[in-house]
Amino acid sequence: MLLDFRSMGGFRYVLYTVTGAIMAFLILPILFIVALSFGSSRWLQFPPPEWTLRWYRELFERSDWLDAIITSLQVGVCVTALSLLLGVPAAFAVVRGRFPGRDLLNAFFTTPLIVPLVIIGIAIYGLYLSWGLAGTFIGFVLGHLILAIPFAVITTSNALRSFDESIEKAAIVCGATRAQALWRVTLPGIRSGIVAGGLFSFLISWDEVVLAIFMSSASVQTLPVKMWSALRLDLSPIIAAAASLLVLLTVVLLALVAIVQNYGQARAAQRKEEPLH
Amino acid sequence: MSDADNMLELSGVTRRFGDFIAVDGIDLDIARGEFLTLLGPSGSGKSTTLYMIAGFDHPSAGDVRINGSSVVGVPPNRRNVGMVFQRYSLFPHMTVRDNIAFPLSVRGVPRTRIRERVDETLRLVRLEAFAGRKPAELSGGQQQRVALARALVYEPRLLLMDEPLSALDRKLREELQNEIRALHGRIDTTIIYVTHDQEEALRLSDRIAVFNHGRIVQVGDGETLYRQPRDSFVASFIGMSSFLVGEVETLDDAGMDVCLEGGETRVRAPRCDGVEQGAPVLLMVRPEKARVTEARPDAAVNAVRGTIREATFLGDNVSYTVDTADGRELQVKDAQDPTAPTTLRRGAECFVSWAVEDTHAFADWQPDDISQQAA
């Protein structure tokens, strides 16, 4: 092979260095903020003079921060549920449906990924003012839902496309009704796609800040919005702690997605190597 | 024409897709306990017919009766038929045991009874040791045995199989053919089997229905189809065959004299339906009925002059490909004296001869029928 790793000789070390530099570039800001969240300096001094957990304690003790975390979780859970409730049937329509304009509809479901966030934000702002949704819990959920649905539709329809339809037919010929076949065979069969869609939906909502800024009010604030406003008022290391928390949950959920999607394959591969008797 | 012994009756079954007629007025009766194969090239309508029996597709005209009562409009889950698909179609998230238990579970069979019945069926397909595995952890042959078990566990009155072995390699395919055949002997289920493989059809079936262009051309046991093909399509699709084209010169009660293209050779053939004097006719000979000789054989047998293109020693026979002067190709499988193929080598002039009664004649044929040589 042209790019065989072993035949590269000294060039290999150049490759190591460049790859290392790119990884550092990507991850250093995050490590920096995590380090600051454990630093004792009130003024985000770096390197931290001493280490402390004080900012985490304050994050969970001060009701304004705690409320923001709880709001974020609540919004995230609602967005996830609604996104799947709407996205999974939409995926079925787009993959299994036979109607004119199906491909157009498929493209339409992904438009929120292409339209600049700011434009959606402005549109929502105008609409919510006249509907009285600005800054309400429902307002947050609906706004985030716009961004989350494409992910639910895409992951579910991908899973559905690779799911052999004759498996569902087999269930029906075995005596199952359409509903039983769907519930007991097809949905479990595309489970990994649905779970991934749900996790992505949650993550979109969890760290969404642009739309949230357009409609935040004093009463309902998600964690990213709270951080944003705290940043403008005073530069407290609690922000660093909150940021670390955001990153932690994101990493955990993404790891979960990876595990869910790889689990089945890894298990099958492992079992196949065992002798067959 | 309902008959109590018929498990399945198709009468005038037609399926149109827009202007295209996929299945064109099929009549077929299948007896209880019979193993019947729908054989034909792809696109001949055999799979569409099977899907109409299963209930996934619906006839545009005609009637499908199972056990004497029409099932048109009855959904597949209420027909109590079993089906095995080409690509196994097992439930990927369930274990082998749960896959096989599924049909019983949706029927609300009590749990202990399901357990017994699944164990029995696992034994039937010899998969007891794999009950706890997921489909992805099995080989192709094992997966298809699970699919078979899942289709048999609820004792359906009719078992449909849609090219179930086409994804397997040759050795495994033959192994499973034997197993299916043995299984059919042990349980008395009626089986309708779809394949494009004529050898598989011959090996498995009690009767074969040969499909071409949406119609059933001939129904019969393998021997009848091979020895008395009704038309040139059946003749070319089942077994090996050589074809010659000629013109009817004289016609009498016993047979006819045919002048082959080129005008030099005359052969005699049994009379066939629909021929007239002066009309073109297609002749067919099976390779094992023909001989290759150096000298011209006596006048009582048919003989055609040719050049040997290929002579292959195959142990129990010698297989020849002979080109005639008119550009036809004749296959000969000579099992008479395979140890001494000394003189008849490539490029040698020879005569291909066969008995008059081994000549098949067809008055009607399509040019692509005779190029339909079985794979």
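For B:Ala54, state whether it is within 14 Å of another protein chain (Cβ to nearest Cβ), buried (at least 20 other Cβ atoms within 10 Å of the Cβ) and touching a strand residue (DSSP E or B) at 6+ places or on another chain (Cβ under 8 Å).
Working: within 14 Å of another protein chain (Cβ to nearest Cβ): yes; buried (at least 20 other Cβ atoms within 10 Å of the Cβ): yes; touching a strand residue (DSSP E or B) at 6+ places or on another chain (Cβ under 8 Å): yes.
So B:Ala54 fits the description; yes.
Conditions tested, residue by residue: (1) touching a Gly at 6+ places or on another chain (Cβ under 9 Å); (2) surrounded by 13 or more Cβ atoms within 10 Å (Cβ to Cβ); (3) assigned by TED's automatic domain parsing to the domain that holds B:Arg345; (4) farther than 19 Å from B:Pro270 by Cα.
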site	(1), (2), (3), (4)
B:Met284	no, yes, yes, no
B:Ala290	no, yes, yes, no
B:Arg296	no, no, yes, yes
B:Ala299	no, no, yes, no
B:Ala311	no, yes, yes, yes
B:Gln331	no, yes, yes, yes
**Report entry** Flag for B:Arg230 being surrounded by 13 or more Cβ atoms within 10 Å (Cβ to Cβ) and under 24 Å from B:Asp368 (Cβ atoms)
**Finding:** yes
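Looking only at the stretch A:122-143, decide whether some residue is assigned by TED's automatic domain parsing to the domain that holds A:Phe200, of a type in the set (Phe, Trp, Tyr), more than 25 Å from A:Gln221 (Cβ to Cβ) and surrounded by fewer than 18 Cβ atoms within 10 Å (Cβ to Cβ).
Taking the stretch A:122-143 as the starting set, the residues that turn out to be assigned by TED's automatic domain parsing to the domain that holds A:Phe200 are A:122-143.
Narrowing further to those that are of a type in the set (Phe, Trp, Tyr): A:125, A:128, A:131, A:137, A:140.
From the residues that got through so far, the ones that are more than 25 Å from A:Gln221 (Cβ to Cβ) too are none.
Looking for residues that are assigned by TED's automatic domain parsing to the domain that holds A:Phe200, of a type in the set (Phe, Trp, Tyr), more than 25 Å from A:Gln221 (Cβ to Cβ) and surrounded by fewer than 18 Cβ atoms within 10 Å (Cβ to Cβ), one finds none in the stretch A:122-143, hence no.
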Query - In the stretch B:59-78, residue surrounded by the fewest Cβ atoms within 10 Å (Cβ to Cβ) [restricted to those that are touching a helix residue (DSSP H, G or I) at 6+ places or on another chain (Cβ under 9 Å) and either facing chain A (nearest Cβ under 8 Å) or assigned to a helix (DSSP H, G or I) (or both)] - result: B:Pro75
Report task. Restrict the check to the stretch A:159-172 and report whether at least one residue is more than 14 Å from chain B (Cβ to nearest Cβ), of a type in the set (Lys, Arg), surrounded by fewer than 23 Cβ atoms within 10 Å (Cβ to Cβ) and assigned to a helix (DSSP H, G or I). Result -> yes
Query raised in the report: Counting just the residues of the stretch B:95-135 that are within 22 Å of B:Met161 (Cβ to Cβ), at the interface with chain A (Cβ under 8 Å from one of its Cβ atoms) and among the hydrophobic types (A, V, I, L, M, F, W, C), which one comes out surrounded by the fewest Cβ atoms within 10 Å (Cβ to Cβ)?
Result: B:Val106
**Report entry** Residues of the stretch B:249-280 satisfying the condition of being touching an Asp or Glu at 6+ places or on another chain (Cβ under 7 Å) and assigned to a strand (DSSP E or B)
**Finding:** B:Glu249, B:Thr250, B:Asp257, B:Val258, B:Cys259, B:Leu260, B:Arg266, B:Arg268, B:Pro270, B:Pro280
Query raised in the report: Name the helices (runs of 4 or more DSSP H) wholly within the stretch A:13-117 that hold at least 2 residues that are among the hydrophobic types (A, V, I, L, M, F, W, C) and within 20 Å of the chain's Cα centre (by Cα)?
Result: A:63-96, A:111-114
Report summary line: So, first residue without any contact (Cβ under 8 Å) to a residue 24 or more places away in the chain in the stretch B:295-313, second residue of a type outside the set (Gly, Ala, Ser) and in a strand (DSSP E or B), Cβ within less than 9 Å, six or more apart or across chains; the pairs are B:Thr312/B:Val318; B:Thr312/B:Tyr320; B:Thr312/B:Thr321
Requested in this report: Please go through the stretch B:116-138 and pick out each residue that is more than 22 Å from B:Asp188 (Cβ to Cβ) and without any contact (Cβ under 8 Å) to a residue 12 or more places away in the chain.
Outcome: B:Glu128, B:Ala129, B:Glu137
Report summary line: Only unsatisfied item for B:Pro229, checking (1) out of contact with any His (no Cβ under 9 Å at 6 or more places or on another chain); (2) over 30 Å from B:Thr121 (Cα atoms); (3) modelled with pLDDT of 90 or more, is (1)
Query raised in the report: Do you know which residues across the stretch B:156-172 are at pLDDT below 90 and in contact with a helix residue (DSSP H, G or I) (Cβ under 9 Å, 6 or more places away or on another chain)?
Result: B:Ser166, B:Ala167, B:Leu168, B:Asp169, B:Leu172
Query raised in the report: Name the helices (runs of 4 or more DSSP H) wholly within the stretch B:184-247 that hold at least 2 residues that are of a type outside the set (A, V, I, L, M, F, W, C) and under 19 Å from B:Ser47 (Cα atoms)?
Result: B:198-204
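Condition test on B:Gln177, is it within 12 Å of another protein chain (Cβ to nearest Cβ) and not in a loop (DSSP other than H, G, I, E, B)?
Working: within 12 Å of another protein chain (Cβ to nearest Cβ): no; not in a loop (DSSP other than H, G, I, E, B): yes.
So B:Gln177 does not fit the description; no.
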**Report entry** Extreme residue, nearest to A:Val173 (Cα to Cα), among residues of the stretch B:15-47 that are among the polar types (S, T, N, Q) and modelled with pLDDT under 95
**Finding:** B:Ser47
**Report entry** Residue that is surrounded by the most Cβ atoms within 10 Å (Cβ to Cβ), among those in the stretch B:136-158 that are under 14 Å from B:Ser89 (Cα atoms) and more than 9 Å from every other protein chain (Cβ to nearest Cβ)
**Finding:** B:Gln144
Query raised in the report: Does the stretch B:39-49 include one or more residues that are of a type in the set (A, V, I, L, M) and more than 27 Å from B:Ala182 (Cα to Cα)?
Result: no
Report summary line: When restricted to B:Val267, B:Val275, B:Val258, B:Val248, the only residue over 30 Å from B:Gly347 (Cβ atoms) and in contact (Cβ under 8 Å) with a residue 40 or more places away in the chain is B:Val275
Report summary line: By residue number, the members of the stretch B:217-229 that are touching a residue at least 40 places away in the same chain (Cβ under 8 Å) and out of contact with any Gly (no Cβ under 9 Å at 6 or more places or on another chain) are B:Val219
Query - Failed item in (1) in contact (Cβ under 8 Å) with a residue 60 or more places away in the chain; (2) within 30 Å of B:Asp5 (Cβ to Cβ), with B:Asp63 passing the rest - result: (1)
Query raised in the report: What are the residues in the stretch A:173-208 that are under 26 Å from B:Gln144 (Cβ atoms) and more than 12 Å from chain B (Cβ to nearest Cβ), if any?
Result: A:Leu182
Report task. Can you confirm whether the stretch B:23-42 contains a residue that is crowded, with 20+ Cβ neighbours inside 10 Å and part of a loop (DSSP other than H, G, I, E, B)? Result -> yes
Report task. Those residues that are at negative phi and either in contact with a Leu (Cβ under 7 Å, 6 or more places away or on another chain) or of a type in the set (Gly, Ala, Ser) (or both), I need them from the stretch A:9-37; list them, please. Result -> A:Gly10, A:Gly20, A:Ala21, A:Ala24, A:Ala35, A:Leu36, A:Ser37
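The values are calculated or read from the model by the stated rules, or taken from the named source; none is laboratory data. Predicted model only: the values in this text are computed from it and were never measured. No Cβ is skipped: glycine too gets one built from the backbone with ideal geometry, and neighbour counts run over all protein chains shown.
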